[in-house]
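Student: Structure below; questions to follow.
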Amino acid sequence: MSVPKYKRVVLKLSGEALAGEDGFGINPSVIKNVAEDVKEIAELGVEVAVVVGGGNIWRGKIGSEMGMDRASADYMGMLATVMNSLALQDSLEQVGVETRVQTSIDMRQVAEPYIRRRAIRHLEKKRVVIFAAGTGNPYFSTDTTAALRAAEIEAEVILMAKNNVDGVYSADPMKDANAVKYDKLSYLDVLKEGLAVMDSTASSLCMDNDIPLIVFSITEDGNIKKAVTGENIGTIVRGKE
């Protein structure tokens, strides 16, 4: 049996990861695979919290192009994350994983309000906790949500699962054939070089609280388990290198 390197983790999923090749909405086979991968690490005894983006349903950029108020566009994005979170909760419970969704915007008919102590208690009881609706404030991304919640629940690492890349590169590997993949980085390098790992607010929060980040591809089954058990995959970002 594999031995986990981390006891408590935050898994950050982009909304696009749930869409798969469809590019929009939720792909049933993709979300089922994600649920199976999460179940695999939960069965190792790892306490798992999840933050899901909403880009497969709504992106703030679309709102900007429509001339929409930024705050309104961001609140719509938060609601999109709730939809993804409820879908993931259902998929997890279908494979036998007890799950709770906590939202930063009060909507008690569908989920619990976010309460830090309650979230930690769920994790201690080996329930997967999904944090939805971002931070509850406009102008903050779900990357920042992942960093903030990781600090609050004292997670040991953030696992950033990507659907289009297998780590951090010096440039977009889809556009630049000369892009170089990094095995290790510091948050200062990320901020200084403007690497597209997570936004600067999230990077600064992780750096200030010494929370490591592992960036890897979710398209290959078992990668979440590999990251949790300390296998050398993707790119690891730390406070200092």
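The values are calculated or read from the model by the stated rules, or taken from the named source; none is laboratory data. Computed from a predicted model, the values in this text were never measured in an experiment. All Cβ positions, even for glycine, are placed from backbone atoms using ideal geometry, and neighbour counts span all protein chains on display.
Student: Only one of 99, 103 is under 22 Å from residue 228 (Cβ atoms) and either in contact with a strand residue (DSSP E or B) (Cβ under 9 Å, 6 or more places away or on another chain) or modelled with pLDDT under 95 (or both); which?
Tutor: Checking each option against the conditions leaves just 99.
Student: Quick check on my filter: what residues within the range 37-56 are assigned to a strand (DSSP E or B) and within 25 Å of residue 73 (Cα to Cα)?
Tutor: Passing the criteria: 50, 51, 52.
Student: Could you run through the range 204-221 and say how many residues are surrounded by 14 or more Cβ atoms within 10 Å (Cβ to Cβ) and either farther than 18 Å from residue 150 by Cβ or in contact (Cβ under 8 Å) with a residue 60 or more places away in the chain (or both)?
Tutor: 6
Student: On to the next question. What do you reckon, is residue 34 closer than 17 Å to residue 93 by Cβ, of a type in the set (Val, Ile, Thr), in a strand (DSSP E or B) and out of contact with any Gly (no Cβ under 9 Å at 6 or more places or on another chain)?
Tutor: So residue 34 fails the test.
Student: Same structure again: What number goes with the only condition from (1) in a loop (DSSP other than H, G, I, E, B); (2) farther than 23 Å from residue 110 by Cα that residue 191 does not pass?
Tutor: For residue 191, the exception is condition (1).
Student: So residue 227 clears everything in (1) touching a strand residue (DSSP E or B) at 6+ places or on another chain (Cβ under 8 Å); (2) surrounded by 14 or more Cβ atoms within 10 Å (Cβ to Cβ); (3) modelled with pLDDT under 95; (4) not β-branched (Val, Ile, Thr) except one condition, right? Which one?
Tutor: (3)
Student: Taking the criterion of being assigned to a loop (DSSP other than H, G, I, E, B), surrounded by fewer than 20 Cβ atoms within 10 Å (Cβ to Cβ) and either modelled with pLDDT of 95 or more or out of contact with any helix residue (DSSP H, G or I) (no Cβ under 8 Å at 6 or more places or on another chain) (or both), would at least one residue in the range 143-154 satisfy it?
Tutor: So far as the range 143-154 goes, yes, one or more of its residues are assigned to a loop (DSSP other than H, G, I, E, B), surrounded by fewer than 20 Cβ atoms within 10 Å (Cβ to Cβ) and either modelled with pLDDT of 95 or more or out of contact with any helix residue (DSSP H, G or I) (no Cβ under 8 Å at 6 or more places or on another chain) (or both).
Student: Kindly list the number of the only condition in (1) closer than 22 Å to residue 20 by Cβ; (2) surrounded by fewer than 18 Cβ atoms within 10 Å (Cβ to Cβ); (3) under 15 Å from the mean Cα position of the chain (by Cα) that fails for residue 175.
Tutor: If we test residue 175 against (1) closer than 22 Å to residue 20 by Cβ; (2) surrounded by fewer than 18 Cβ atoms within 10 Å (Cβ to Cβ); (3) under 15 Å from the mean Cα position of the chain (by Cα), just (3) comes out false.
Student: For residue 9, work out the one condition from (1) part of a strand (DSSP E or B); (2) over 12 Å from residue 224 (Cβ atoms) it doesn't fulfil.
Tutor: (2)
Student: Now, a different point. If only one of 226, 192, 181, 162 is within 21 Å of residue 23 (Cα to Cα) and of a type in the set (Lys, Arg), which one is it?
Tutor: Just one listed residue meets the conditions, 162.
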